[in-house]
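*Asks:* Sharing a structure with you now.
The values are calculated or read from the model by the stated rules, or taken from the named source; none is laboratory data. Predicted model only: the values in this text are computed from it and were never measured. All Cβ positions, glycine included, derive from the backbone under ideal geometry; neighbour counts span all protein chains shown.
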Amino acid sequence: MWLLNRKGPSGFSASPTAEEVTNGIDGTVLTAIVTGATSGIGAETTRVLAKCGVHVVMGVRNMAAGKEVKESIIKQNPAAKVDAMKLDLSSMASVRKFASDFNSSGRPLNLLINNAGIMATPFMLSKDNIELQFATNHIGHFLLTHLLLDTMKKTAKKSKKEGRIVNVSSEAHRFSSRGGIRFDKINDESGYNRFASYGQSKLANVLHANQLARHLKEDEVEITANSLHPGLIATNLSRHLGIANGLASKIGKFVLKNAQEGAATTCYVALHPQVKGISGEYFSDCCLGKASSQGQDVDLAKKLWDFSMNLIK
């Protein structure tokens with residue numbers, strides 16, 4: 001059970017579920033993409049958005065698992081509109097195919113939930129020869145957002161409804177490498193620290209959302225971009241932590257959020273009327289939070305943006 005029950009300025013505490021923070025919200029005219037939707041808070045985010053009437057497209061690496069999640073949701077809610085499409089965020093080719101297929105389908109896109117992530121993996125390179133955590137957690141989502149943005153802009157203009165881009169980050173963004181992003185040593189195996197590299201990728205999520213928010217404001221489009229910390233959650237994200245994973249599973253029910261609680265801030269930022277018009281912010285426990293000083297660094301965000309654009313060319 002989560003222990004922090006004091007309510008914040010939004011009226012919500014750390015303990016409500018995603019269903020509770022979206023209670024009464026009608027999303028029947030909205031279409032969302034949720035990455036990493038086959039387990040944990042991604043699956044719960046998908047279920048709750050669908051319960052609100054949102055048409056959810058799951059971006060999933062494992063289509064069999066995606067089918068199971070879809071069938072489970074529809075079994076609970078026969079009216080749910082849920083689809084699954086193949087997406088491997090560690091592969092730019094896969095991201096490009098997913099975006100191309102979605103854009104050519106003619107579907108609108110109101111909400112983009114960049115949720116998928118891996119944590120504290122041993123040193124590995126992606127299919128594009130980029131350190132795997134940085135590639136999956138940041139570059140894959142950066143490219144996906146870039147390729148879907150025109151569709152989101154067209155949807156916002158045509159529907160006259162605010163689009164929302166949500167990057168699921170983590171408080172781990174405060175524990176990145178010195179300097180924040182190791183631009184010249186992204187693939188340096190000799191200096192690799194799995195935890196600092198995870199923090200680096202989560203810092204990139206925050207900086208990406210902040211810089212994107214500035215671009216969207218300049219473009220005068222009705223789309224917001226925000227990042228968030230979902231909380232400390234008992235999910236399979238910690239599967240690479242060995243003995244620490246076993247410990248987390250044993251004590252997790254006492255000190256960690258479950259998936260229903262962990263998806264709350266994501267669903268709050270994606271759907272709640274309180275968040276309308278808010279962009280370039282960092283949320284925690286369904287309230288406005290404050291990112292680290294590096295997370296608020298405008299120059300670092302611009303440098304990361306240019307660095308990422310060069311990687312996806």
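*Asks:* Output the number of the condition that Ile165 fails; it satisfies all remaining conditions of (1) closer than 25 Å to Leu288 by Cα; (2) more than 19 Å from the chain's Cα centre (by Cα).
*Replies:* Failing condition for Ile165: (2).
*Asks:* (1) touching a residue at least 40 places away in the same chain (Cβ under 8 Å); (2) in contact with a helix residue (DSSP H, G or I) (Cβ under 8 Å, 6 or more places away or on another chain); (3) closer than 23 Å to Gln294 by Cβ; (4) assigned to a helix (DSSP H, G or I): which one isn't true of Gly199, the others all being true?
*Replies:* Going through (1) touching a residue at least 40 places away in the same chain (Cβ under 8 Å); (2) in contact with a helix residue (DSSP H, G or I) (Cβ under 8 Å, 6 or more places away or on another chain); (3) closer than 23 Å to Gln294 by Cβ; (4) assigned to a helix (DSSP H, G or I) one by one, Gly199 breaks only (1).
*Asks:* If you don't mind, there's one more thing I want to ask. I need every pair where a residue in region 260-273 that is touching a residue at least 60 places away in the same chain (Cβ under 8 Å) and acidic (Asp, Glu) has its Cβ under 8 Å from the Cβ of a residue that is crowded, with 24+ Cβ neighbours inside 10 Å and assigned to a helix (DSSP H, G or I), sequence separation at least 6 or different chains.
*Replies:* Glu261/Ala18
*Asks:* Can you name every residue in region 172-184 that is touching a Gly at 6+ places or on another chain (Cβ under 6 Å) and not in a loop (DSSP other than H, G, I, E, B)?
*Replies:* Once the filter is applied, which keeps residues that are touching a Gly at 6+ places or on another chain (Cβ under 6 Å) and not in a loop (DSSP other than H, G, I, E, B), region 172-184 yields Ala172, His173, Phe175.
*Asks:* Next up: Kindly list, by first and then second residue, each pair from a residue in region 49-64 that is among the basic types (Lys, Arg) to a residue that is assigned to a loop (DSSP other than H, G, I, E, B) and buried (at least 21 other Cβ atoms within 10 Å of the Cβ), limited to pairs with Cβ atoms under 7 Å and residues at least 6 apart or on different chains.
*Replies:* Within 7 Å, the pairs are Arg61/Leu87.
*Asks:* So, in region 285-306, exactly how many residues are crowded, with 19+ Cβ neighbours inside 10 Å and under 30 Å from Arg47 (Cβ atoms)?
*Replies:* 4
*Asks:* Return a yes/no flag: does region 5-18 have any residue that is farther than 27 Å from Leu89 by Cα, at pLDDT 90 or above and in a helix (DSSP H, G or I).
*Replies:* No, that holds for no residue.
*Asks:* A further question on this structure: Checking the conditions here, which among Ala79, Ala135, Ala120 is among the small types (Gly, Ala, Ser), closer than 30 Å to Phe195 by Cα, over 16 Å from the mean Cα position of the chain (by Cα) and at pLDDT 95 or above?
*Replies:* Just one listed residue meets the conditions, Ala120.
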